[in-house]
Amino acid sequence: MVELLLLLLLLLFPFLLYAAAPQIRKMLSSGVCTSTVQLPGKVVVVTGANTGIGKETAKELAQRGARVYLACRDVQKGELVAKEIRTMTGNQQVLVRKLDLSDTKSIRAFAKGFLAEEKHLHILINNAGVMMCPYSKTADGFEMHIGVNHLGSGVTTYSVHPGTVQSELIRHSSFMRWMWWLFSFFIKTPQQGAQTSLHCALTEGLEILSGSHFSDCHVAWVSAQARNETVARRLWDVSCDLLGLPMD
């Protein structure tokens with residue numbers, strides 16, 4: 001009798017887990033941006049905004065009235081997303097510009113073009129990145145991960161961890177795509193994953209926390225090595241040297 005009951009529970013478990021999936025995902029996505037700030041007249045740049053977290057971030061900022069630049073490697077995909085956001089939000093100031101973070105020439109061209117169009121940049125969301133891609137090098141000869149995620153994106157005011165999110169970041173790994181599918185009920189949606197970036201961009205009074213690391217819309221713990229100013233300065237100097245930039 002006990003064995004039969006255990007077998008029944010085992011068979012029912014996947015169905016119970018599936019039924020509870022929305023509550024599980026909500027529990028794991030406790031951080032929500034509660035700011036009601038509106039952004040008319042503000043200029044925003046979101047990198048990698050043609051999909052996933054970047055797309056959801058750009059959509060929310062456009063909804064609040066900002067002029068939003070989608071900085072994308074694939075301009076065609078970016079234009080499709082821009083059209084979608086303009087239709088959904090009614091904000092026609094959603095623009096697409098070419099930006100390939102694996103090529104410093106593209107980065108400089110983007111910056112030059114942006115400065116020719118705009119006098120101010122109010123919000124910068126460095127969302128674009130790569131993960132677990134096969135070994136390759138950027139146009140400048142850097143390993144792809146450090147070239148795109150660190151040297152290409154530059155230094156940001158805040159660092160954020162969006163959590164485990166259903167996005168194209170895992171596109172290079174068949175194993176990770178399978179794992180994401182298998183545990184999809186634990187994984188945040190792109191909209192949920194965008195909340196911490198939105199929180200840091202929109203919440204007033206966070207200036208005193210400049211340089212902090214955020215997760216689920218709260219300041220998060222980082223290791224002692226990550227807080228080591230000597231190591232940070234050395235990384236800055238090495239990075240500037242690699243890019244041919246002045247160190248101060």
Report the accessible area of M247, computed with a 1.4 Å probe over the heavy atoms of all protein chains in place, in Å² rounded to the nearest 10. 80
The Cα radius of gyration of segment 89-130, divided by 2.2 N^0.38 Å with N its residue count, comes to 1.30
Need the list of aspartates and glutamates near K137 for cross-linking: C-alpha distance under 14 angstrom, and skip anything on the same chain fewer than eight residues off. D100, D103
Convert each backbone phi in segment 36-52 into a coupling constant with the Karplus relation 6.51 cos²θ - 1.76 cosθ + 1.60 (shift: θ = phi - 60°), then list the ³J(HN,Hα) values in order as whole Hz, x for Gly and Pro. 10, 4, 9, 10, x, x, 8, 10, 10, 10, 10, 7, x, 8, 8, 7, x
Efficiency of FRET between S215 and A116 - r from beta-carbon atoms, R0 35 angstrom, step 0.05: 0.45
Can you give me the solvent accessible area of E207 with a 1.4 Å probe, rounded to the nearest 10 Å²? 130
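The values are calculated or read from the model by the stated rules, or taken from the named source; none is laboratory data. None of the values given here were measured: they were computed from a predicted structure. Methodologically, a virtual Cβ is constructed for each residue, glycine included, from the backbone with ideal geometry; neighbour enumeration extends over all protein chains shown. We work out accessible area using only protein heavy atoms, side chains counted, and drop any ligands, DNA or RNA first. Shrake-Rupley method; radii C 1.70, N 1.55, O 1.52, S 1.80 Å.
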